[in-house]
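The values are calculated or read from the model by the stated rules, or taken from the named source; none is laboratory data. Remember, it's a predicted structure, so these values are computed and weren't measured experimentally. All Cβ positions, glycine included, derive from the backbone under ideal geometry; neighbour counts span all protein chains shown. For the accessible areas, the whole protein counts, side chains as well, though only heavy atoms, and no ligand, DNA or RNA atoms are used. Shrake-Rupley method; radii C 1.70, N 1.55, O 1.52, S 1.80 Å.
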Amino acid sequence: MRAELKVKSVRSKMDGLTDWVAAEAISVQSMSDAEGRLTGLDVSVRSPKEIQWSSGDAQLTLDVHWEWSGGRELRVTQYVLLHSEFRSEKATPAEHLEQHRMVRALIAISSGGAIAYREHWIRDEDFPLRMLNGDLADTPWQAAAITQTLREHYAEPPRDDHLRRSVVTFDHLGPDGMEAWADVYRYWRRPIDVLFDLLSEPTRFIEDRLLAASMAIEAAGHLIGAVPGEVPYRGRNVPFSNQVYRCLHAVDFDHAGIADSREALSTAAADIYRRIKHPEHEMPDTLQSLLLSHILESVGRAVVIRQVPQAHDAVASFMHYTAAPELTDSFQRNNLFIGSHGQFVAQTQADT
């Protein structure tokens, strides 16, 4: 029986990582004459210091790499790779990728879109580079094809602006924030996994997206626990409307222009969720499901990332300046509002 492959280090290239980290190897300095005309350009390319943090027994590293091609036209391309190494012993590629998935999930949940792996490399003394006389010359990185991720390498690349609406970037977190995220990733794994799977399949049906976002909200609300202002309930099972309210409260969601109150919004979400989930109810209006799925998805993303202390200000800014205005605009463009009892009404009717 063949022994399971274990290696010292694994490196991954993935969508969004370079822009999300925003580390630069290229610096440019221009020179001008007294009239302000450009007379020269100094371009310097040097890899900055690597960024490291710990996740249990694993050490994770972000490295800025660059490639160039020249002639009369000089082209320099820079990119960031994620590198994992376990301190105590070697690990399987799957165990390395579990650490990489932690970073990938953060970028996906932050950006609100799919993040695909593009390339992998492994490095281990079992795969050395030797001279013709048998002497060890180097232990280089070797390109690796990993069955679980191979299909992603050929996925359609994201748009250039796919990180424009990110909740948080590496600059907000730093190495300390990444270590804190490693703890959040372990403790909040259920809502994180649901959101990550949802964002990785952008072509899902609207009702499917709402169900997945609701599952993430339900799991997050359970972890948050009771908050001031939620409606009292009886029994051991927390109503879904309370779970929604807890998440709205956690990110200080601005409901003005969308609903009469957070309680009304929570009631509407619970009603839509119940009607989709249980066949004895009539299916809700597709537009209403779409609008609520956007709210639950945005709030779920923000709630999860807010568990990182270093992300609090970035999450508050995202909710106030990006999420709430965009969601409010969607309701107003469709002339919809959620009344005091959780019912959808026309905006014009709500204003009277």
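Listed values, structure above:
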item: Yes/no for P284 being open to solvent by less than 20 Å² (accessible area, probe 1.4 Å), part of a loop (DSSP other than H, G, I, E, B) and of a type outside the set (S, T, Y); result: yes
item: Meets criteria (of a type in the set (D, E, K, R) and surrounded by 11 or more Cβ atoms within 10 Å (Cβ to Cβ)) for K49; result: no
item: Region 8-30 - residue that is over 25 Å from M178 (Cα atoms) and in contact with a Leu (Cβ under 7 Å, 6 or more places away or on another chain) and, of those, most open to solvent (accessible area, probe 1.4 Å); result: V28
item: Lone qualifier among L129, L62, L81 - being open to solvent by 80 Å² or more (accessible area, probe 1.4 Å) and of a type in the set (A, V, I, L, M, F, W, C); result: L129
item: Selection from region 245-273 of residues that are in contact with a His (Cβ under 8 Å, 6 or more places away or on another chain), part of a helix (DSSP H, G or I) and closer than 19 Å to V345 by Cα; result: R262, A264, L265, T267
item: Residues that are within 21 Å of I305 (Cα to Cα) and open to solvent by 60 Å² or more (accessible area, probe 1.4 Å), drawn from region 232-270; result: H249, D252, D254
item: In region 203-241, the residues that are in contact (Cβ under 8 Å) with a residue 60 or more places away in the chain and either charged (D, E, K, R) or at positive phi (or both); result: E207, R209
item: Residues of region 84-115 that turn out to be among the hydrophobic types (A, V, I, L, M, F, W, C) and open to solvent by less than 10 Å² (accessible area, probe 1.4 Å), as a count; result: 9
item: Selection count where residues are hydrophobic (A, V, I, L, M, F, W, C), closer than 18 Å to D313 by Cβ and either touching a Phe, Trp or Tyr at 6+ places or on another chain (Cβ under 8 Å) or open to solvent by 40 Å² or more (accessible area, probe 1.4 Å) (or both), scope region 166-203; result: 5
item: Output for region 303-317, where each listed residue is over 16 Å from M178 (Cα atoms) and touching a helix residue (DSSP H, G or I) at 6+ places or on another chain (Cβ under 6 Å); result: V303
item: Strands (runs of 3 or more DSSP E) completely within region 2-82 that count 3 or more residues being in contact (Cβ under 8 Å) with a residue 24 or more places away in the chain; result: 9-14, 51-55, 58-69
